[in-house]
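The values are calculated or read from the model by the stated rules, or taken from the named source; none is laboratory data. In this text the structure is predicted, and so the values were computed from the model without any measurement. Note: ideal-geometry Cβ built from the backbone for every residue, glycine included; neighbour counts use all protein chains shown.
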Amino acid sequence: MKGGDQEHIPGGFILLSRKLLKSGIMEESPLHLKLWIWMLMQASFRDHGNLKRGQFFTSYKKMQKAMGRKIGWRTEKPTINELRGVMKTLRKARMIHTMKVQHGTIVTVLNYDRYQTMENYEFMHDSHNDSHNDHTIKRRKGIKNSKYSCPYNQILDLYHEILAELPRVRKFTEHRRKMLLARWNEKAKSERGLYSNTLEFWEALFKYIGQSDFLMGRKTDFRANFEWIVTKRNFNKIIEGVYHRG
């Protein structure tokens, strides 16, 4: 008996962000949410064998069995096509990546480290009003601007969601915070007429970066990272299209 004479709960745990409540996944069928939570529970908490943290091996047959529910004396299971549809939705929302292997599929839960690390959560009540979540399907009804203060967390969320292939920001240091704030306050203007003190600018910028083979590491061993992107010299070159030529 530990911690006030209460036994530890066996089996471990997962973290669920309150952002899930404002997520578009809540507007999908119950199967979407059930499969998503099941995936979080299946994902490896640490590297294990050939699987990395946030990955697990499965098959559609296994998912079909796990998603079954009892109705009286019979068990109702979703069809394989229904499961394929849910998986397609989760991939499109950049919540998972899948890779076919012998006898099944390796599923990678994207941004697993960010959302399954306790230290990344703010314990202030104002933090869960943010509707941006790179771990959920978002409602794309426009992004609210914040022209008077830099929305650091929202910009990081966009970076992790859109540029999931690039290195994650594991520590948002004061140096990185200051560089991002400087780029925000510069009010740099993109070719589309967006200004860097709006979230629309950063969403468009990250999507633009994703189109560059050089910045994404598809041509050489170099890959951009968040700090490199918000460094003034590199930031200006990206806006000018230097890394998209040829």
Residue within segment 45-57 that is surrounded by 10 or more Cβ atoms within 10 Å (Cβ to Cβ), free of Cβ contacts under 8 Å to residues at least 40 places away in the same chain and not β-branched (Val, Ile, Thr) present: yes
Number of positions in segment 58-75 that are within 19 Å of Glu28 (Cα to Cα) and either charged (D, E, K, R) or loosely packed, with under 15 Cβ neighbours inside 10 Å (or both): 2
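If you take the residues in segment 136-167 that are modelled with pLDDT of 85 or more and surrounded by fewer than 16 Cβ atoms within 10 Å (Cβ to Cβ), which one is farthest from the chain's Cα centre (by Cα)?
Tyr152
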When residues of segment 212-234 are limited to those that are β-branched (Val, Ile, Thr) and in contact with a helix residue (DSSP H, G or I) (Cβ under 8 Å, 6 or more places away or on another chain), the one nearest to Leu181 (Cα to Cα): Val230
Odd one out for Glu82, checked against (1) without any contact (Cβ under 8 Å) to a residue 60 or more places away in the chain; (2) in contact with a Lys or Arg (Cβ under 9 Å, 6 or more places away or on another chain); (3) among the acidic types (Asp, Glu): (2)
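Evaluate the following for Ser44: is it small (Gly, Ala, Ser) and out of contact with any strand residue (DSSP E or B) (no Cβ under 9 Å at 6 or more places or on another chain)? Walk me through how you get there before you give the answer.
Values: small (Gly, Ala, Ser): yes; out of contact with any strand residue (DSSP E or B) (no Cβ under 9 Å at 6 or more places or on another chain): no.
Here the answer is no, as Ser44 does not meet what is asked.
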Of the criteria (1) over 18 Å from Gln116 (Cα atoms); (2) of a type in the set (Lys, Arg); (3) in a loop (DSSP other than H, G, I, E, B), which one Arg46 fails: (1)
Selection from segment 199-246 of residues that are polar (S, T, N, Q) and surrounded by 12 or more Cβ atoms within 10 Å (Cβ to Cβ): Ser212, Asn225, Thr231, Asn234, Asn236
